[in-house]
Structures are given as C-alpha cells and as structure tokens.
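**Student:** If you scroll down you'll find the structure; I have some questions about it.
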2 protein chains.
Amino acid sequence: MNNLPERLILVCNDDGYQAPGLAALIESVKPYGKVVAVVPEKGESGKSHAITITLPLRLNLLRDDDYVTMYSCSGTPVDSIKLALNQVLKRKPDLVVSGINHGSNSSISVIYSGTMGAVIEACLNGIPAVGFSLLDFSLNADFTASKFVVKRMVENVLQHSLPPMVCLNVNIPRVSVNELKGLRLARQTKGVWKEEFDKRTDPHNRTYYWMTGDFKNFEPFAEDTDEWALAQGYASVVPVYVDLTAYHVMNQLSNWNYEL
Amino acid sequence: MNNLPERLILVCNDDGYQAPGLAALIESVKPYGKVVAVVPEKGESGKSHAITITLPLRLNLLRDDDYVTMYSCSGTPVDSIKLALNQVLKRKPDLVVSGINHGSNSSISVIYSGTMGAVIEACLNGIPAVGFSLLDFSLNADFTASKFVVKRMVENVLQHSLPPMVCLNVNIPRVSVNELKGLRLARQTKGVWKEEFDKRTDPHNRTYYWMTGDFKNFEPFAEDTDEWALAQGYASVVPVYVDLTAYHVMNQLSNWNYEL
C-alpha cells in the first residue's frame, strides 16, 4: 500500500488559458501527478516579472475534473503563481512548469518573458520550476517534439531536483521529432533587441508607435550559448539564477568613493 | 574653446511624471549635463521589465526649456527607455538614471521593480545606468539625503564608467542627511515577498483579491547584503548583472540526461 501523497504539479503560461501550447504542456506533465493550472485569462506576453498592485485580482474556475483543475487569473503570470500558491493550492506543489510558450524566450528574451516570470516566481518560493518555449509564434504550431523535451526535463528535475534559487529556461527549435538532435545545456547568449518603432498617424492626426524589433546576437559563433544550440537543432537548457548581483565586479567597484 | 558635445543624461522612473522623486532626481543630475526625461504618464510600480506589444504607444511633450526636456510615455518604464533611445534622442545618452523611486527596491524587489526595469534596459543598450530608490512611499518623502547619494554615484560612474552588462541598484534609507552614514557596496539580500492576499467580496457578490505582502529576509545578519547596509543607515549600492545564467551550477547540471 502506498501512502505517499500524489505529486502536485502547477502549470502556468503567458499566452492565456486558450493557448494550444498550454494544452500540450498539460498533456505532457499529466502522467507525473495531479495537475492544477492557474493561467492568465488573456495573452500576457512580454509582461516579465510584473505584478498587479493598483487593481484587484480575480480567479475564475474553468474546469475541475480528473484530468485537470484549471483557473484563469485576471492578472499577470506572476500574479497567477502568487494566487495559486496562496489561495488555490492547499500545499506547496512539487513542480511548476510554464508554457509551452508560442515563441522563443532564448538569450535576453528571458528578461522580458512572462512565461519565465512565472517560473522565476515559483523558484523564489523554493519550488523546482521550468519554462518551455517553442520557436514558433503560430497558433497552429506543432508541439510534437516539444512534448518529448518536456518529458525529458520533468524526469531530470524529478530525479535530480534543482539547486537553490536556480530555475530552468528551456527553448525548443521549430523542427520535427526526427530533426531534433537532443537537448543541450547552455548559457544565455549575449545579445539585444534592436527596436525599430513603426511610427504612424491615427485618424485624429496624432502620432502613435508600434514596437517592433530584431534580435542582434553579439556572439553567433559561441558554441556554449542557447542561440547556437537552437540553430543546430538542439533544445537549449539554460539554468537561471535569481540573484542578479554581479559578483564578478565587486572587487573592481570596491575602489569607488562611498563617502558622502 | 571647448568643442566637446555637452553630456546627455536620460532620466526615467516608474512613478510617473508628477512624482516628487523625479523632480529630485532631475535637480540632482542637472549640473552634469543636458537632461531629457522620458517617463510613464502614470504610476507603473511593479512593472518589472514588461514591454507593451499589443497596444500602440504614445509620447507627449510636456516641457522643453533650458532646464529639462520632458516627455510622458503611455507605456511601461522599459517602453519609455526604448522610445527615448529610438525616437526621442538624436544620439546615445552618456548616462541613464531612474527614480528616485518612492519605496524600496532592495533585495529581491529588484526583480519586480519598474525603476530597475528602465535601468536594465539602458544597460542592455550599452549605456551606464543607475536606479535610485528611497525607503519611503510617501508623496511627501524627504529627498535631501537622496540627492547627496545621487551626486556621489553620478560622479563615480562618470569617473569609472561601468563594466559591460552591469548596472547599479542604489537604495537609500529613510534618514536625515546627518544620520546617513555613507554608501556601501553590497550584494542582493536573499529573501522573498510572502504574500497574504486580502480576499473580499464585491457588491455583486463576486470574490476579488488585493495583493499585500511582507518581506522575509533569509539572511538578516549578513553584513555584505543591501538589507543590512540599509538597516545600519547606509545607502546600498548593488551591481546588477543582466546575464541571468547560473554559471555556478553548470557542472552539476552537466550530468543530467539530455538525450531524447
């Protein structure tokens, strides 16, 4: 007789409860435990680690059956995790997964990502957490290869757990299962989004701007980066640290003037 | 005859263009160059590194005289920096400062902070950038001591510049100038916000939640942390690295299974 409590897995994302990537993620983690999803009620891409301070938050129970318990949240991905941990779940989950995002969160995009905002928030609360993103924005994206990646990483995390204050940013190339070369541990590529705003005039003769942009990779030939792994057909696995201190410059900065 | 171009300083914040902390910051940096401010049109606290993807953005020129050129932006602090760099300024600024925030951004709050979102965005674009926050939420907060801190740090950065991909998170205790002990280089305190949602019922009998919370310091006696420095009456100076890779666990994670 097995008296161990069933494993509890919390699922989040930033594309909202109707995203096909969410369904693919729930399907992938379902064999590993009881699944509760608390996800934004609408698209929250680019919301990073934003929280909602000046508005009240709502939860809406969408589904509660043997397959999944699912709530939508009126706030951001981070709000969703906070409400899940504090109001929805009766105990701390054993694992938090977020995604599968429709679009890349590699390199510096980790910092803008709502998918990873949810993951980082879970990590801050001491829960093993992994974000998954597929390099395909399409609503019709094929998540077949992604599901293999999710299963491999969930098994890794359940077997090894994760170091304190470290979570994972996993990106998956847009390839078929046969083309996927495997997974590859990598570091965050140094790069930046170069913005080119699309400047327009509205019907009332006022100027407005749409944000667009191109990713500029500062080190396209560095084989230990996530961008390189993805370009070669690997899923990239970047461990993310939630202590932002630049320890490597402490000595250099200790020579500055700190007197008033 | 001096043909050097005048130093150009970009100012941002997350409390909006009417915040007294913004006026204090502009006054503090004005002696060091031409000042252009591009700031959110309303409070954007807790917006982290969020960007606006699904809505167009607006800029509104509020003031343009010898003292300051100021625009409000309809988006987040990060949107404001992007628009400033791409649409407002004719050249890359020599320095970006953000704040002075009404309220602390020490320890893990750096990750939720809109003030620091602006700073990190500038840093990603290769510009020396510093965020300033005063541990006082009040609209009537006294920024006298803060102004000394801003001047000291601006002079440090102009003299030494900053290492690549490193920006600064400066917090100032709520003390008088006489009580302020000086500045202190520190690391980000390990801690977490423990949320206790205030659950209420609206007039239509529906549940809603207000986010509240208490900061829990995991290492209150660590003398090299920003929380410790602030508690002792120092302004804390934390160098922030925008590469989130957890390099210290790479070896440990290299033993996982990365096959499909």
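**Student:** Every residue in segment A:197-217 that is of a type outside the set (Lys, Arg) and under 23 Å from the mean Cα position of the chain (by Cα), please.
**Tutor:** Scanning segment A:197-217 gives A:MET211, A:THR212, A:GLY213, A:ASP214, A:PHE215, A:ASN217.
**Student:** Are there any pairs with C-beta distances below 6 angstrom linking a residue in segment A:190-218 that is facing another protein chain (nearest Cβ under 7 Å) and under 14 Å from B:THR54 (Cα atoms) to a residue that is assigned to a strand (DSSP E or B) and basic (Lys, Arg), with the two at least 6 apart or on different chains, and if so which?
**Tutor:** A:TYR208/A:ARG200; A:TYR209/A:LYS199
**Student:** Also, quick follow-up: In this structure, is B:LEU62 at negative phi and within 14 Å of chain A (Cβ to nearest Cβ)?
**Tutor:** For B:LEU62, the condition - at negative phi and within 14 Å of chain A (Cβ to nearest Cβ) - is not met.
**Student:** Is it fair to say B:ASP136 is away from every other protein chain (no Cβ under 11 Å), of a type in the set (D, E, K, R) and farther than 27 Å from A:VAL242 by Cβ?
**Tutor:** Criteria not met by B:ASP136.
**Student:** Right, here's the next one. Considering only segment B:49-64, state which residues are within 29 Å of B:ARG7 (Cβ to Cβ) and surrounded by 17 or more Cβ atoms within 10 Å (Cβ to Cβ).
**Tutor:** The answer is B:HIS49, B:ILE51, B:LEU57, B:ARG58, B:LEU59.
**Student:** Out of all the residues in segment A:144-153, which are more than 9 Å from every other protein chain (Cβ to nearest Cβ) and under 12 Å from A:VAL237 (Cα atoms)? Don't jump to the end; show me each part of the working.
**Tutor:** Narrowing segment A:144-153 to residues more than 9 Å from every other protein chain (Cβ to nearest Cβ): A:144, A:146-147, A:150-151.
Once the filter is applied, which keeps residues that are more than 9 Å from every other protein chain (Cβ to nearest Cβ) and under 12 Å from A:VAL237 (Cα atoms), segment A:144-153 yields only A:VAL150.
**Student:** A follow-up question, please. Residues of segment B:51-74 being in contact with an Asp or Glu (Cβ under 8 Å, 6 or more places away or on another chain) and touching a residue at least 24 places away in the same chain (Cβ under 8 Å), which ones?
**Tutor:** If the condition is that a residue be in contact with an Asp or Glu (Cβ under 8 Å, 6 or more places away or on another chain) and touching a residue at least 24 places away in the same chain (Cβ under 8 Å), then B:ILE51, B:THR52, B:LEU57, B:MET70, B:SER72, B:CYS73, B:SER74 are the ones that fit.
**Student:** Looking only at segment B:65-80, filter to residues that are assigned to a loop (DSSP other than H, G, I, E, B) and either in contact with a His (Cβ under 9 Å, 6 or more places away or on another chain) or more than 10 Å from chain A (Cβ to nearest Cβ) (or both); which one of those is surrounded by the most Cβ atoms within 10 Å (Cβ to Cβ)?
**Tutor:** B:THR76
**Student:** Could you go through segment A:81-97 and let me know if any residue there is part of a strand (DSSP E or B), within 27 Å of A:ASN156 (Cα to Cα) and not aliphatic (A, V, I, L, M).
**Tutor:** no
**Student:** Only residues that are touching a strand residue (DSSP E or B) at 6+ places or on another chain (Cβ under 7 Å), of a type in the set (S, T, N, Q) and facing chain B (nearest Cβ under 7 Å): list them for segment A:224-260, please.
**Tutor:** A:THR245, A:SER254
**Student:** For A:THR52, only one of the following conditions fails: (1) at the interface with chain B (Cβ under 10 Å from one of its Cβ atoms); (2) β-branched (Val, Ile, Thr); (3) within 22 Å of A:LEU134 (Cα to Cα). What is its number?
**Tutor:** For A:THR52, the failing item is (3).
**Student:** If I go through segment A:17-41 residue by residue, how many of them are surrounded by 16 or more Cβ atoms within 10 Å (Cβ to Cβ) and assigned to a loop (DSSP other than H, G, I, E, B)?
**Tutor:** 4
Where a number appears in this text, it was derived from the coordinates with a stated rule and is not lab data. Since this is a predicted model, take the numbers as computed values, not measurements. Using ideal geometry, Cβ is built from the backbone for each residue, glycine included, and neighbour counts are taken over all protein chains shown.
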